[in-house]
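Peer 1: Take a look at this one; I'll ask things after.
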Amino acid sequence: MATGFIFGFGSNLIEAAETRYRRLPVKHYLDKMKAGWIGQMAGVGLTKSTEFRFMGELIPEDRIPAWTPEMVNQFGQDDLYVEMTYIRTLEQYGLDVSSRQAGIDFANTTYRVRRSGALSRINLRNGIAPPDSGHPKFNGHSDDIDYQNQADFAGLISPGLPNSVVRLGETFGRLMHCDGGVYGGQFVGGMYAEAFFETNPEKIVRAGLRCVPDGSVFSECISDVLTWYKQNPQDWEKTWKLIVNKYHKYKNNPDYRPFSSSKDRIVAKVNGAYIAMGLLYGKSALDKTMVIATRCGCGLDADYSPSNAVGVLFTTIGFSKLPDRFTSALNEQTNFSDSPYNFQGLVVVCEKLAKQAVTKAGGRIETDEYGREVFVIPIQEAKPGKPENCWQPGPVAESRFTEEERKRINPPADKSKLTDLSDAIAKFAPGWSVSNCADDMVTGLYGKQHGKENVLLTHPLDRNTACVLSKRAKIPEQKKTTLRLVVGHHEQMLPVQADWILVVKANGKELLNTPVSPETTVDTWRKIAVDLSDYAGEEVNLELLNQPSEWAWEGAYWAQIRLESK
C-alpha cells in the first residue's frame, strides 16, 4: 500500500512511494460543488437577454443587463436540465452505465433541445444507437456545442479526476457528437475537476486542455488562446479577433471549418475559446469573468460561454464565500424542468456520485481526527482518446438498438407539447397563423438556414397530424393571383430520408400535394407557384400543410409565403 506524508488541506498533497494523492474534505467538496451549480445558473440568468441576438460579433457592454439576485433561478434552461437527465442515468445505473442506456434515457425526454441534441434524439428514437447517433453521417451538427454546454456535471462529480471526465464524455458526449462536441465537454469537465484544488485560471484552462487529444483542432484552438493571452495579456478584444479570424471565418481557413457549411453554426471549438477567454482575462474577478465571456458572443448563442466559465470560477471560490447577491434569492425547492431534482436534491445526488467516482479511481474516503469525512483522491495524468475531425470521421459503427431496446424508447405522450409559433409567424408572414406544430426539431424563426435568411421551421404534431399554416384572404378581381412559396427540407440524414409533403388547400379543396425532398429540391430548396385565379373576387381560406411522410426528419423550412396579384 502506498504511504506518505499528509500535509493537510492547505497543500492538498500526500507524497507517497507509489502514488500521489490530494485530500479534499467532503464538506469543502460540497461547498465548491454547490457553487459550481450556482455559477452555471448565474451565467445563464445574466445572459438570457443576449441569447441568439448577436451572431459572430462582440456584444456591446451596455447591452449586458444589471445583475439581480432573482436571475439565479434558472430551472427551465436547457443549459441545466439536460444535465439532470445524465445525472439521473448515473444515479440509476452507476458510473459504468453504457452509452446505449444513456441514449435510451435521453430518447425518452420531452424537453426542448436544439441542433445536435434535437437531431441526436430523433436518431435515437429511430433506432440509431450511439456512437452512430452522433456521427456526422447521421447528425449534421455533430461538432456543435451541446455536450460542451452540458458537461459541467462531469467535473462536478469528479473532483481532481480528469479521466472520470474523459470517460463520461465518451458515454454522454457521443450521443450527439464526434470531435469538438465531445472534446469541448471533456475540456469543460476537466476544468471543473481541477477547480476543486486550483484557483489560477491559466492552470485551470491547461488542466482542461489536457483532457483533449493533442492533434485535434479543438486542442489547437485552446492552445492558440493561451498563446494569444500571453501575447496580449491586457487586450482581450484583440485575442477575440484572432479567434474569429482563424476559427470563425472558416471560409478563409478551410482547415478549421465546421462539419457543415451552414452559416449559423454554434461550433464547440469557438465557444470553448470564449470560455477560456472569460477565465483568463477575467483574472478570477466574478463580474469581469461573466461580462467578458458574455461579450464574446458566439456563432449564434451567447449564454453557454458565461455559464461554463462562471461555473468553473465559482467552483474555485465555494458557495460559502460567494457574494449574497448570487445566493440570497436561490429557490432550493423548485425542480429543474422534467427532472426529479430540485437544488437540494441535486446536491445530494452529486455527493453520492462523487464518492463513487473517487472510489472507482482508486481513492478512498477517510475520517479525520475531527470526525469529518475526507476524500483521498489519486492524482491522475489525463488520458484523452485519439483525435478526429468531423469532416474526416472514422467509419460508422453500424450501431442499432435491438428490438427489445427500442421497446424501452417510449416518450410519455402526456408530456408532448405543442409549440406556440404565433410570434414567429407574425414576424415571418403577417396575417398567417400556425396550428398543430410540435417542437421535435426546435421549431421557430431563424435568422439564417441553408443559405437563406429569415426562415420559419415547422414540424407536424405527430405522424398522423400535419402542422397547418392558414390565412383568410380576399382574392382580387380582374387580376391573376399566385401563391408563391419557397420551401425546403432538412439536410439529408441517411439512412432515412429528410423530407415532408406539402399540401395546399383553398376552402378545403386540395390544390397541390407534392413531396419536398432531395429529389425535388436544389440545395434543399424548392420554389412553388399555385394559381388562385379560380377564386378571383372571393374570400378564401388558405391552408398550407406540413404533412409527415415516413416520420423521420419531417421539419418544413419556409423561406417565403407570399400572395402576388398582377
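Peer 1: Sequence neighbours fewer than 8 away in the same chain don't count; with that in mind, list the lysines whose C-alpha is under 18 Å from Lys471.
Peer 2: Lys427, Lys505, Lys509
Peer 1: If the cut-off is a Cα-Cα distance under 14 Å, which aspartates and glutamates reach Lys238, setting aside same-chain residues fewer than 8 apart in sequence?
Peer 2: Candidates past the 8-residue exclusion: Glu57, Asp224.
Peer 1: A follow-up question, please. Once you keep just the Cα pairs under 8 angstrom separated by 6 or more residues, what percentage relative contact order results for region 417-565?
Peer 2: The value is 31 percent.
Peer 1: Within the set Lys32/Lys383; Lys203/Lys246; Lys203/Lys269; Lys249/Lys283, which residue pairs have Cα atoms separated by over 21 Å?
Peer 2: Beyond 21 Å between Cα atoms: Lys32/Lys383; Lys203/Lys246; Lys249/Lys283.
Peer 1: Which cross-chain or sequence-distant (5 or more) residues have an amide H under 5 Å from the amide H of Gln560, H modelled 1.01 Å from N in plane?
Peer 2: Those lying under 5 Å, H to H, from Gln560 are Val486.
Peer 1: Further question on the same structure: Once amide H atoms are placed 1.01 Å from N in the peptide plane, what residues at a sequence separation of 5 or more from Tyr21, or on another chain, have their amide H within under 5 Å of its amide H?
Peer 2: Close amide H contacts, sequence-distant or interchain: Ile14, Ala16, Ile379.
Peer 1: Say the dipole of the chain comes from +1 at the beta carbon of Lys and Arg and -1 at that of Asp and Glu; which of Leu124, Leu544, Ile475 then lies farthest toward its positive end?
Peer 2: Ile475
Peer 1: For region 471-528, which GluC sites (Glu not before Pro) pass both filters: DSSP loop (anything but H, G, I, E, B) and at most 15 other C-beta atoms within 10 Å?
Peer 2: For GluC sites (Glu not before Pro) across region 471-528 that sit outside H, G, I, E and B with at most 15 neighbouring Cβ atoms in 10 Å, the list reads Glu477, Glu519.
Peer 1: Tell me what the chain gives for mean residue ellipticity at 222 nm when only DSSP H runs of n ≥ 4 count, each as -39,500 (n - 2.57), the sum divided by the residue total, rounded to 500 deg cm²/dmol.
Peer 2: Rounded to the nearest 500, the figure is -10500 deg cm²/dmol.
Peer 1: Same structure, new question: Within 10 Å, count the other beta carbons around each residue, average over each peptide in 116-124, 266-274, 404-412, and list them highest first.
Peer 2: 266-274, 116-124, 404-412
Peer 1: Under a Cβ-only charge scheme (Lys and Arg +1, Asp and Glu -1), can you give me the dipole magnitude of region 312-403 about the Cα centre, in debye to the nearest 20?
Peer 2: 160
Peer 1: Continuing with the same structure: Taking the alpha-carbon centroid of each part, what is the distance from region 83-141 to region 445-461 in angstrom?
Peer 2: 24
Peer 1: Which of (1) 21, 51, 23, 4, 0; (2) 19, 45, 25, 10, 1; (3) 16, 33, 12, 6, 9, 14, 8, 2, 0 is the computed P(r) over Cα pairs in 20 Å bins from 0, in percent for the structure on display?
Peer 2: Checking each listed value against the structure points to (1).
Peer 1: Okay, moving on. From the phi of every residue in region 231-239, what ³J(HN,Hα) in whole Hz does the Karplus formula 6.51 cos²θ - 1.76 cosθ + 1.60 yield, where θ is phi - 60° and glycine or proline is x?
Peer 2: Values per residue, Gly and Pro as x: 6, 10, x, 10, 10, 5, 5, 5, 5 Hz.
Peer 1: Now for a different question. Please report the Cα spread of region 26-357 along all three principal axes, rounded to whole Å, starting with the longest.
Peer 2: 48, 46, 33
Peer 1: Calculate, in nm to one decimal, what Lys249 and Ala397 gain on full extension: separation in residues at 0.36 nm each, minus their alpha carbon distance.
Peer 2: 50.1 nm
Peer 1: Could you give each residue of region 284-293 its phi-based ³J(HN,Hα) in whole Hz, using Karplus coefficients 6.51, -1.76, 1.60 with θ = phi - 60°, and x for Gly or Pro?
Peer 2: Going residue by residue, I get 6, 7, 4, 5, 5, 4, 5, 5, 5, 4 Hz, with x marking Gly and Pro.
Peer 1: Which whole-angstrom value gives the distance between the alpha carbon centres of region 152-184 and region 498-545?
Peer 2: So the separation of the two Cα centres works out to 46 Å.
None of the figures in this text is laboratory data; all of them are computed from the coordinates on show. Quantities reported herein were computed from a predicted structural model and do not represent experimental measurements. We place every Cβ from the backbone using ideal geometry, glycine too, and count neighbours over all the protein chains shown.
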